[in-house]
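The values are calculated or read from the model by the stated rules, or taken from the named source; none is laboratory data. All figures in this text were calculated on a predicted structure; none of them were measured in a lab. Neighbour counts run over all protein chains shown; Cβ positions are idealised from the backbone, glycine included. Side chains are part of the model used for accessible areas, which takes the heavy atoms of the whole protein and leaves out ligands, DNA and RNA. Shrake-Rupley method; radii C 1.70, N 1.55, O 1.52, S 1.80 Å.
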Amino acid sequence: MTINQKGRITRRGFFGLGSGAIAAAGILAGVDSAEAALDSGNKVDPAKADSAPITGKIAFEEHFALPGTIDASYASLPTPESRLQLQDLGSGRIAEMDRGGVELCIISHSGPGVIQAIPNTSEAIATSRQLNDYLAEQIAKYPKRLKGFAALPLQDPEAAAQELTRCVKELGFCGSLVNGFSQIGQADSAVFYDLPQYRPFWATVQELDVPFYLHPRLPLATRQQAYEGHPWFAGSAWGFAVETSIHALRLMSSGLFDEYPKLKVILGHLGEGLPFQIWRVDHRLSRLALHTKAKLTMSQYFRENFYFTTSGAFRTQALTDVMSEVGADHVLYSVDYPYEDMVEATNWFDNTPISEPDRLKIAHSNARRLFRL
């Protein structure tokens with residue numbers, strides 16, 4: 001992006017933005033008045049922070065754990081109370097949603113340990129069905145406030161396609177959330193979904209016309225050499241973004257979206273760092289004449305086939321970067337509850353200096369369109 005000294009987008013900068021130009025112009029038109037707020041990062045007006053939150057939000061990186069499986073979920077729960085919140089799909093969760101102005105949550109199971117980290121394929125298939133049935137039973141108690149994402153046994157692509165079809169057509173789920181690569185046959189294995197055997201699964205996803213949420217997971221213990229001596233970076237502080245962004249790039253460069261151009265993939269945490277780096281990816285591929293299997297640039301798939309949530313990334317500069325890359329229509333509100341706090345998320349989002357039309361799109365309108373709610 002090119003901005004002149006007065007804070008206006010130049011002609012060259014505007015046309016260099018591609019499909020994000022209109023959104024970027026809307027964001028930056030008021031850059032002078034928003035400059036102080038942007039410089040302060042996440043700070044909000046204390047008076048506004050205490051006011052009632054904007055209501056009607058839809059959030060969909062919001063997690064639960066099946067009773068008895070919480071230890072197979074991510075271990076980074078911030079408080080003992082969070083362990084209880086993770087298992088609560090009842091009145092406690094609804095109360096937290098009300099505190100954050102969230103009208104509807106699309107719920108998903110937390111962590112890879114219960115599905116993606118089960119090397120035994122038949123066990124993964126049975127467990128995913130049990131988990132999805134349990135989630136459907138809980139949603140039925142609060143049908144106006146909760147919906148579900150399917151957990152899928154991608155150890156077997158055909159079984160995963162069948163389970164997704166069942167969850168969408170019979171249980172009324174909104175799509176799927178999958179916690180990264182799957183371990184198949186042995187614990188020390190990592191299988192990614194750009195591989196040819198997954199093409200029939202992706203065909204089912206496109207046919208059902210539901211989004212696929214690619215959620216992070218830790219790299220395997222045998223593949224964490226880069227984190228030796230610094231284990232705190234392997235998870236949500238850094239490694240989650242690295243692992244998930246690589247997986248997303250694998251999908252893009254494999255030609256997947258040429259075969260199935262209507263696929264919709266969601267990335268959390270404002271894109272796992274990819275919005276900042278996607279131009280450089282394309283630039284270096286071009287400069288070094290490195291040819292992928294894809295027909296288009298990574299940026300084109302990024303803008304057309306991907307959606308990005310605010311989950312666990314309450315940072316104005318990061319939000320406006322994503323909006324300038326892909327446009328406000330591909331950005332969606334989320335919290336990452338209970339790993340993050342509903343009120344902290346809404347205090348930031350309700351007061352971050354973006355246009356009100358874009359705020360409403362991100363809060364709920366984009367989600368209603370994407371999920372046909």
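Any residue at all in region 282-291 that is in contact (Cβ under 8 Å) with a residue 40 or more places away in the chain and open to solvent by 30 Å² or more (accessible area, probe 1.4 Å)?
Checking region 282-291: not a single residue is in contact (Cβ under 8 Å) with a residue 40 or more places away in the chain and open to solvent by 30 Å² or more (accessible area, probe 1.4 Å).
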**Request:** Those residues that are over 24 Å from Gly90 (Cα atoms), polar (S, T, N, Q) and open to solvent by 20 Å² or more (accessible area, probe 1.4 Å), I need them from region 111-154; list them, please.
**Result:** Asn120, Thr121, Ser122
**Prompt:** Of the residues that make up region 273-280, is at least one open to solvent by 20 Å² or more (accessible area, probe 1.4 Å), part of a loop (DSSP other than H, G, I, E, B), without any contact (Cβ under 8 Å) to a residue 40 or more places away in the chain and within 17 Å of Tyr213 (Cα to Cα)?
**Reply:** yes
**Request:** Could you tell me which numbered condition Leu164 fails, if it satisfies all but one of (1) under 28 Å from Pro219 (Cα atoms); (2) surrounded by fewer than 24 Cβ atoms within 10 Å (Cβ to Cβ)?
**Result:** (2)
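Could you tell me whether Ala313 is among the hydrophobic types (A, V, I, L, M, F, W, C), surrounded by 24 or more Cβ atoms within 10 Å (Cβ to Cβ) and modelled with pLDDT of 95 or more? Talk me through it step by step, then tell me what you get.
Working: among the hydrophobic types (A, V, I, L, M, F, W, C): yes; surrounded by 24 or more Cβ atoms within 10 Å (Cβ to Cβ): no; modelled with pLDDT of 95 or more: yes.
The answer is no for Ala313.
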**Item:** Residues being surrounded by 21 or more Cβ atoms within 10 Å (Cβ to Cβ) and either among the small types (Gly, Ala, Ser) or touching a Leu at 6+ places or on another chain (Cβ under 8 Å) (or both) - total across region 203-222
**Value:** 7
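Residues to consider are Leu360, Leu373, Leu332; find the one that is farther than 27 Å from Asp88 by Cα and either in contact with a helix residue (DSSP H, G or I) (Cβ under 9 Å, 6 or more places away or on another chain) or without any contact (Cβ under 8 Å) to a residue 12 or more places away in the chain (or both). Please lay out each step first, then the result.
Working: Leu373 fails: farther than 27 Å from Asp88 by Cα; Leu332 fails: farther than 27 Å from Asp88 by Cα.
Residue meeting the stated conditions: Leu360.
Listed here are the residues, each with its yes/no results for (1) closer than 21 Å to Val114 by Cα; (2) part of a helix (DSSP H, G or I); (3) at pLDDT below 85.
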{"site": "Gly68", "(1), (2), (3)": "yes, no, yes"}
{"site": "Ala75", "(1), (2), (3)": "yes, no, yes"}
{"site": "Leu86", "(1), (2), (3)": "yes, yes, no"}
{"site": "Leu89", "(1), (2), (3)": "yes, no, no"}
{"site": "Arg93", "(1), (2), (3)": "no, yes, no"}
{"site": "Asp98", "(1), (2), (3)": "no, yes, no"}
**Request:** Please indicate, with yes or no, whether at least one residue in region 272-281 is over 23 Å from Ser182 (Cβ atoms), within 14 Å of the chain's Cα centre (by Cα) and among the polar types (S, T, N, Q).
**Result:** no
